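For reference, the structure is listed below as structure tokens.
Each reported figure results from applying straightforward, stated rules to the coordinates on display, with no laboratory input. Small disclaimer: the values here were computed from a predicted structure and weren't measured. Cβ coordinates were reconstructed from backbone atoms using ideal geometry, including for glycine residues, and neighbour counts include every protein chain displayed.
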Ligand SMILES: Cc1cc2nc3c(=O)[nH]c(=O)nc-3n(C[C@H](O)[C@H](O)[C@H](O)COP(=O)(O)O)c2cc1C
């Protein structure tokens with residue numbers, strides 16, 4: 001049985017999902033560094049980490065210390081996107097369910113070297129979108145995040161995860 005929610009967040013969107021999940025499930029919420037000190041080794045947890053180039057930040061440490069029952073990658077992309085690449089890139093075994101959640105993005109919140117990396121990525125993404133005859137809703141959200149900074153954290157995105165935790 002999952003006993004705690006553990007997360008790693010850089011700019012706050014993953015922390016926000018962890019907080020909401022804690023509220024909805026009444027489970028305690030810890031950042032990964034606090035969890036390592038506060039929880040027993042091999043405690044059963046759900047782990048949420050922000051996605052960086054399809055790697056779930058902090059997941060190797062979380063897997064080392066805890067019995068991770070569910071992994072959630074918080075990303076710029078749509079909730080439910082990138083599932084195969086996230087599983088493959090992070091070597092997540094089949095028995096652990098993987099979810100992705102759309103978080104948010106704000107260039108102003110980033111420090112180096114992430115800012116530099118994302119300036120390059122933003123150029124590439126905007127170029128890709130500008131080549132489409134009509135950008136779809138997801139493209140518009142990406143442009144909004146890149147140009148103005150935006151959060152797409154929603155309570156409803158957590159519904160399938162709460163179901164999987166039961
Ligand atoms: C260096 C860097 C790489 C990223 N790579 C990806 C990615 O591969 N896929 C994606 O959807 N989002 C990517 N993102 C966006 C973040 O995952 C997204 O902004 C997330 O909501 C950040 O969560 P946080 O506020 O908890 O740090 C990247 C962001 C940064 C700064």
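Relative to the longest principal axis of the Cα atoms of the chain, helix 137-148 runs at roughly 90 degrees. Taking the C-alpha atoms only, the angle from helix 13-25 to the longest principal axis of the chain is near 40 degrees. Stretching residue 132 away from residue 83 to a fully extended chain increases their span by 15.2 nm, per 0.36 nm per residue minus the current alpha-carbon distance.
Compared with the direct C-alpha span, the chain from residue 117 to residue 154 gains 10.7 nm at full extension, assuming 0.36 nm per residue. Quick one: check the C-alpha center-to-center distance for segment 128-162 versus segment 86-117, whole angstrom. If you average the Cα positions of each part, the centres end up 15 Å apart.
Neighbouring Cβ atoms within 10 Å as the yardstick, rank 52, 118, 145, 1 fewest first.
Numbers: 52 14, 118 17, 145 21, 1 6.
By the 10 Å Cβ count, ascending, the order reads 1, 52, 118, 145.
Calculate how steeply helix 114-130 sits against the longest principal axis of the alpha-carbon atoms of the chain, using the helix alpha-carbon long axis, and give the answer as 0 to 90 degrees to the nearest 10. Taking the Cα atoms of the chain, the angle to 114-130 is about 50 degrees. Mean projected area of the Cα convex hull of the chain, taken over all directions, amounts to 9.7 nm². Using the average count of surrounding beta-carbon atoms within 10 Å as a protection proxy, the listed peptides 109-117, 97-105, 41-49, 16-24 rank, highest first, as 97-105, 41-49, 16-24, 109-117.
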